[in-house]
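As structure tokens, the structure follows; a few thoughts come after it.
The values are calculated or read from the model by the stated rules, or taken from the named source; none is laboratory data. Here the structure is a predicted model, which is why all the values come from computation and not from measurement. As a convention, Cβ positions derive from the backbone with ideal geometry for all residues, glycine included, and neighbour counts pool all protein chains shown.
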Amino acid sequence: MEPFKPDIEELNHFVVAGLVTAAALTAYHQSVEFISVGSYLLIGFLVILARELGQRTIAQWMRGDTELHLSVKGSIVTIIGGIIAVITQLPVILLFPVYNSYSMKSYENWEKSINAMWIKREMQIITGGLIALFLGWFISLQLGYTAAAQAFALFALFQLLPFDYPSIPTGKLDGATILRFNSFRWLVFFALALIALALV
């Protein structure tokens, strides 16, 4: 199994997505102290990293691949949400900075009749990312880092929204793939995200 080596473009996407997420968290919490901004910066990168590690772990195991993309429109929407939070002094947050694309090395030459198999494997990779986010939430909560736990739960919740429409300014979110293949699993994950957020 080849070790994963991110390219420069993906690293750039990771950095920008982490910065956008950190800015949204800072605006959401209405805290601009140096220490707070530094904390949210760290949390923003940890959230993106956890999701990526979860997805890539499953992808490597399945001999597949996942590629991180920066959602430009989603990032703009995320920043606009932060601006609204600052102007209105209300806890407003939107988190749509990234989306992923997937490929399976073992199945790339198969016919279109195995589309359902593709979706199932995409869902398994996506599930790895969601589990990593929930694990990050649990560890943060146990260590008493409520701001980090809340960030993990919020990011999971937004990723679970079933958005995959050209008219919506985001990339294809994880919830769209899960709901397309298994609505019960989507409902379970979405409920878990809501519960995780409520427990923070």
Identify all residues within the stretch 1-44 that are part of a helix (DSSP H, G or I), at pLDDT below 80 and among the hydroxyl-bearing types (Ser, Thr, Tyr); write none if there are none.
36
Condition set assigned to a loop (DSSP other than H, G, I, E, B) and modelled with pLDDT of 90 or more, scope the stretch 49-90, selection surrounded by the fewest Cβ atoms within 10 Å (Cβ to Cβ): answer is 89
Within the stretch 137-186, take every residue that is modelled with pLDDT of 95 or more, aliphatic (A, V, I, L, M) and surrounded by fewer than 21 Cβ atoms within 10 Å (Cβ to Cβ) and give me the one that is nearest to residue 53 (Cα to Cα).
139
Among residues of the stretch 91-104, those that are buried (at least 16 other Cβ atoms within 10 Å of the Cβ) and not hydrophobic (A, V, I, L, M, F, W, C), counted
4
Is there a residue being more than 16 Å from residue 150 (Cβ to Cβ), in contact (Cβ under 8 Å) with a residue 60 or more places away in the chain and touching a strand residue (DSSP E or B) at 6+ places or on another chain (Cβ under 8 Å) anywhere in the stretch 71-89?
yes
Restricting the search to the stretch 166-200, which residues are in a loop (DSSP other than H, G, I, E, B) and either of a type outside the set (A, V, I, L, M, F, W, C) or closer than 18 Å to residue 135 by Cα (or both)?
166, 167, 169, 170, 171, 172, 182, 199, 200
